[in-house]
Each structure stands twice: as C-alpha cells, then as structure tokens.
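Visitor: My questions all concern the structure below.
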Amino acid sequence: MGFARGRRRVAMAVAALVGAGAVAVVVHRVLAPAEVDTPARAGYPAAVTPAVGVVGRLPVAPLIVDGRLRVYAATRQVYADQPADSRYRVTPYWSYRRWPAEVSGVVAEGTTVVSRWSDGKLVALDARTGGVAWEADGPAPAEGWTARRTGAGAVWDPPGLYLARAADSRPVLVVSGADGVRGIALADGRQLWSADVDGGCRTDVATTAAGQFVAVDRCAAGPATVEFRDVVTGAQTTRWAPPGATAELAVTPVGCVSHRSRCRGLRTTGPADGAGHGWLVGEGSPVAAPALDPAGSELDGERVVAVADGAVTGRAARTGEELWRRADLGSARIVAAQPGRVHLLTEANDLVTLDPSSGAERSRFSLDVGRDGIGWAPGLAYAGGGYVAVERLREPVDPDADDQRYFLTSEPVVLAAT
C-alpha cells in the first residue's frame, strides 16, 4: 500500500513538472520577442495598367509599390497583396510580423519597403519576395502604433520617416526621433550619419529635391529658424529665418514626390502675419514664390495650382502670372497631388484630376462604390503611381468618435485610378 502511494506521489510530481514545463514553453512562445517573415510563394506580379475610375473599396489604407503591389500596415504587421488594381483586399502576397514591438510607420522606394518599429528597429523588405533585405537601429519613435483602424497614419503619414536622394541619385532614408536624427543608406541599411537633437523644441518638416533635410528649430530664445542638413553627411548647410518669423513659425512642405519627401517648396506661416508665404527650395536659401502663399495651393515643378473664388488656376510660382484658369468645377478642393497630376474633390465627391502645366482634365468620375453613396466627408488621402486613395468619414465628422462612428463603413477607403 505504502509503495503504491509513493508511486502515485512520484507520478503526480512528474506530471506537475511536465505541466509546468509545457506552460513555460507556451508562455515563452507567446511572450518572447519574435519575428515571423512569410515570404511570397508566387512569382512577382506584372505591372498593371488599371482602367480609369474607381478600383474598389478597402478596409485598410494601401501604399502602391512599384505599380504591382499594395502594402498595408497593422499594429504588429506589414503585409502586401496584389494586383494593385484588385477590387478588394485579397490573401497576402507576403507578410512580416514582429512581437511585441508595434509598427510606427512604413515608406517605400522602388522595390524596398522599410518599416519602423516602436523599439527603434528599422526593417527593410524586398517587395518582390517579402524577404528581409536588411535591419538597422534607428532613433526610437515617441510612440508606437498611433494610426486609426485603416492604418493610414502609418503608411500615408509615417512619423519621422523621410525619403531623399543624394546628388548622385543614391536613395537615402532620414529617420528622426525624440533625441536624434540619422541618415541611412536605403540600399543596405548603413548608417551615414547621426545627430543629437532636442525633439522638444524642434519640428521635422521634410526632405527636399535638392537632398536636404528640413526642420524648424525653436530651441534658442527669439524667432524660430529653419535648419537644412545634407542628407548624405548630416552637416548643416543653411540656417534661415523668413521675414517676420516668430517662435511660433510653422512650415508646410509642398511639391513633394511622396509624403514630405523630395519636396520643391515650403509655405511658412506665423501668428504675426496671418497669411502664408511660399518659397522654392534648392541648393541655397529659399526663394520667394508668391503664388504659393494661399493655404491649400500645390506645387508641381514651378507651377502652382490653387483654388479660390470658385475657380482653379495655374500660376508661375515666382511671378504669380496666371497660366490657365478653370471655372467649371464648382466648389472643389485639392485633396492630393503627385508629379504631373493634381487631384481635386468637388462638392458632389467627384474626383477630378488635372494636368498642372495646362489645366487639362486627365479624368473625372464619382468616388462612389456600390451602394455607399456620396454622402461622406474626405479624411486622409494619398496619391502615388497614378492612383488616389481617400478615407471616407461619416458626417458630421467627429474626430473624437470611435472608429465605428468615425468611418463611413467597414471598408472606408476608396481606391481609384486616374
């Protein structure tokens, strides 16, 4: 009897140890840091030439990559689907996950997709395969995932991520954080330079087409200054204060190839003047561009497109000379722009795409999908590769509402080809 009881105790002890071990393994697998890269199993898709008009509606915001893929971001995942003109989101072509870090932002140049994570890690993926091309350490962002349900804030407005080109056309990634800025070679992830900065009194602006990184410096007493750094060396090239600048100086980039990247102009505003002032940016100090003064105007090369008094006009940036005028669009506003195209949304939610050089209409159609109707307000918008995507918000717009109330439907993003 005693021997049997002893055997039972031993068996129970062994079972308990086995159970504890199993639990430990499960906990480790669930909570331990991990990366899961699921590469593409199919060949790289061919580029598509989509029919002009509404492509479809999506639950999340796409970033068009190489004219072939759509890249998306979620809290702990970056993934792609294809083709770019699919009416709906489909099974991922490739996927990359990390745990427990969160996605902060995503940018893409050519076939390289770079994601930034809450722990400061930068992970570059080859868009053709989904495989990791390189990893690097960057300054940690102030926060991790800050985007709403669509992820638009991570892929269309990625905090602290800026693409640039060196004088010899080498692609460069500039990454900024609360206490530092770094230049990274996009080809292989090498750190080109690093600078310590005080993020509490600085505001990042953009990179320029001339290969400079622009930030507003308010750290010293008195008026704020605009700082220009070379994107390859990190060296300060220019410090500039527009006339009448105050400590509250605000600077907005315009004429960018992609979001806040490779921009050709700036608009400065401050409480002292009330009005904005437009500037062209190149190698030296900014040059006045009066046609860029109005808020909401866009720049393409040295041509400015603006909406005022019921008309859309194209003007010479430096002189303000009117080059063309369109008074047939009614009430409209510019929602997005990309090189060679400016996109306007009319009061009836028609998307009108104009050629900035002539005002000629490239396309016009209603941003209506299925039975969703046109009774919505635009949220964040994106333009790239000939496509336009717009978040549709429920009216009246309540920025503090939860996502179910804030967005029009469960698939609030409408994608169109222009």
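Visitor: What are the semi-axes of the equivalent ellipsoid of the chain, taken as the square roots of 5 times the eigenvalues of the Cα gyration tensor, listed largest first and rounded to whole Å?
Guide: 44, 28, 20
Visitor: Ignoring ligands, DNA and RNA, how do 219, 256 rank by accessible area with a 1.4 Å probe, largest first?
Guide: Details: 219 65, 256 30 Å².
Result, largest first: 219, 256.
Visitor: Enter the angle in degrees (range 0 to 90, nearest 10) between the Cα long axis of helix 2-31 and the first principal axis of the Cα atoms of the chain, meaning the one along which they spread out most.
Guide: Taking the Cα atoms of the chain, the angle to 2-31 is about 10 degrees.
Visitor: Also: Could you grab the relative contact order for the chain? Cα pairs under 8 Å, six or more apart, rounded to a whole percent.
Guide: 11
Visitor: Rounded to a whole number, what % of the accessible area of the chain do carbon and sulfur atoms account for, probe 1.4 Å?
Guide: On the chain, the fraction of accessible area on carbon and sulfur atoms equals 52 percent.
Visitor: On the full set of protein chains, 1.4 Å probe, figure out the accessible area of residue 35 and give it in Å² to the nearest 10.
Guide: Roll a 1.4 Å probe over it and residue 35 shows about 90 Å².
Visitor: Per residue, how much accessible surface does the chain expose to a 1.4 Å probe? Answer in Å², no decimals.
Guide: Working: 18660 Å² over 418 residues.
Spelled out: the 1.4 Å probe surface of the chain, per residue, equals 45 Å².
Visitor: Per DSSP H run of at least 4 residues, take -39500 (n - 2.57); add these up for the chain, divide by its residues and hand me the 222 nm value, nearest 500 deg cm²/dmol.
Guide: -3000 deg cm²/dmol
Visitor: Could you tell me the accessible area of residue 196 in Å² (1.4 Å probe, neighbours in place), rounded to the nearest ten?
Guide: 140
Visitor: Counting Lys and Arg as +1 and Asp and Glu as -1, what is the net charge of the other residues whose Cβ lies under 9 Å from the Cβ of residue 134?
Guide: -1
Visitor: Sticking with this structure for a sec: Per-residue counts of other Cβ atoms within 10 Å, averaged by peptide: what ranking do you get for 60-73, 355-368, 89-102, highest first?
Guide: The most tightly packed comes first, giving 60-73, 89-102, 355-368.
The values are calculated or read from the model by the stated rules, or taken from the named source; none is laboratory data. These numbers were taken from a predicted model, which means no experiment stands behind them. Cβ: placed from backbone, ideal geometry, glycine included. Neighbour counts: every protein chain shown. Just so you know, the surface numbers come from the protein's heavy atoms only, side chains and all, with ligands and any DNA or RNA stripped out. Shrake-Rupley method; radii C 1.70, N 1.55, O 1.52, S 1.80 Å.
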